[in-house]
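Peer 1: Please see the structure below; I have some questions.
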Amino acid sequence: TINLGVFAAFFMLTHNLGYALISVIAIGAVMGFLKYNLHPAKIFLGDSGSLPLGMLMAIFTLKALSFLGSTNPLIVESNWLIPLLVALNAVPVLDTLRVFILRIQKGRSPFSADKNHLHHIYLKNDFGHFKSALAIHFTHIVIIVFSFFIGSLLSLSLAVLSVIVLSLFLFEAN
């Protein structure tokens with residue numbers, strides 16, 4: 001919902017109301033699901049929910065990238081868009097890559113199920129479900145806010161590198 005909210009705001013500010021509406025509808029769907037997914041969960045998202053949400057994030061990311069080089073005043077001569085998009089995708093991509101690498105190192109299929117995702121690590125360390133989710137969301141928000149401000153201060157390549165380094169640092173610190 002954090003990513004969907006950021007994309008909804010971005011698409012509203014760039015006057016792309018169709019994508020903004022899809023973002024808001026997706027927020028409503030996720031919030032409706034979340035009510036029944038709080039611990040103890042009555043339903044789980046699974047692949048049938050997470051894969052379409054991931055596809056939606058990829059589509060939104062590509063659509064946002066299509067604004068580069070546009071005459072939109074929000075985008076013209078700004079370095080914040082690409083670092084922001086990297087930040088929005090950092091937590092899910094880094095978690096997936098880390099889990100795939102661990103599975104391959106153990107000689108298993110990268111698509112096999114296990115308990116190596118970030119939230120499982122928090123649970124193993126007695127964070128509980130609520131604190132685990134809170135820690136992951138807080139980390140994600142810190143990365144997003146950092147990317148927005150650092151993108152305005154540094155060159156594009158330094159800003160993207162800074163977001164990646166911060167993401168890796170916070171990811172490993174957790």
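Peer 1: Helix hunt in the chain: which complete DSSP H runs extend at least 20 Å axially by C-alpha with mean Kyte-Doolittle at least 0.5?
Peer 2: The answer, listed by residue number, is 17-37, 46-65, 81-105, 128-153, 156-173.
Peer 1: The list [x] 39; [y] 31; [z] 56 gives values of percent of Cα pairs over 27 Å apart, and only one came from this structure; which label was calculated from it?
Peer 2: Derived directly from the coordinates: [y].
Peer 1: Can you give the accessible area per residue of the range 66-174, in Å², using a 1.4 Å probe?
Peer 2: Here the per-residue accessible area is 60 Å².
Peer 1: Over the chain, how many pairs of lysines fall under 21 Å by alpha carbon, counting only those 8 or more apart in sequence or from different chains?
Peer 2: 7
Peer 1: Give me the extension gain from Leu154 to Lys35: residue separation times 0.36 nm, minus the current Cα-Cα distance, reported in nm with one decimal.
Peer 2: 38.8 nm
Peer 1: If exposed means no more than 16 neighbouring beta carbons inside 10 Å and the site is in a DSSP loop, what's the longest run of the chain without any exposed chymotrypsin sites (Phe, Trp or Tyr not before Pro)?
Peer 2: My reading of the result: 45-110 is the longest stretch.
Peer 1: I'd like the carbon and sulfur percentage of the solvent accessible area for the chain, probe radius 1.4 Å, heavy atoms only, ligands and nucleic acids excluded.
Peer 2: Exposed carbon and sulfur together represent 73 percent of the surface.
Peer 1: Which residue, chosen from Leu68, Ser132, Ala58, occupies the Cα position most advanced towards the positive end of the dipole of the chain, where the dipole is computed from +1 (Lys, Arg) and -1 (Asp, Glu) charges on Cβ about the Cα centre?
Peer 2: Final value for the positive-end residue is Ser132.
Peer 1: Based on DSSP loop calls and a cut-off of at most 14 other Cβ atoms within 10 Å, the longest stretch of the chain free of exposed trypsin sites (Lys or Arg not before Pro) is what?
Peer 2: 43-105
The values are calculated or read from the model by the stated rules, or taken from the named source; none is laboratory data. Since the model is a prediction, treat every value here as computed from it, not as a measurement. No Cβ is skipped: glycine too gets one built from the backbone with ideal geometry, and neighbour counts run over all protein chains shown. The accessibility values were calculated without ligands, DNA or RNA, using every heavy atom of the protein model including side chains. Shrake-Rupley method; radii C 1.70, N 1.55, O 1.52, S 1.80 Å.
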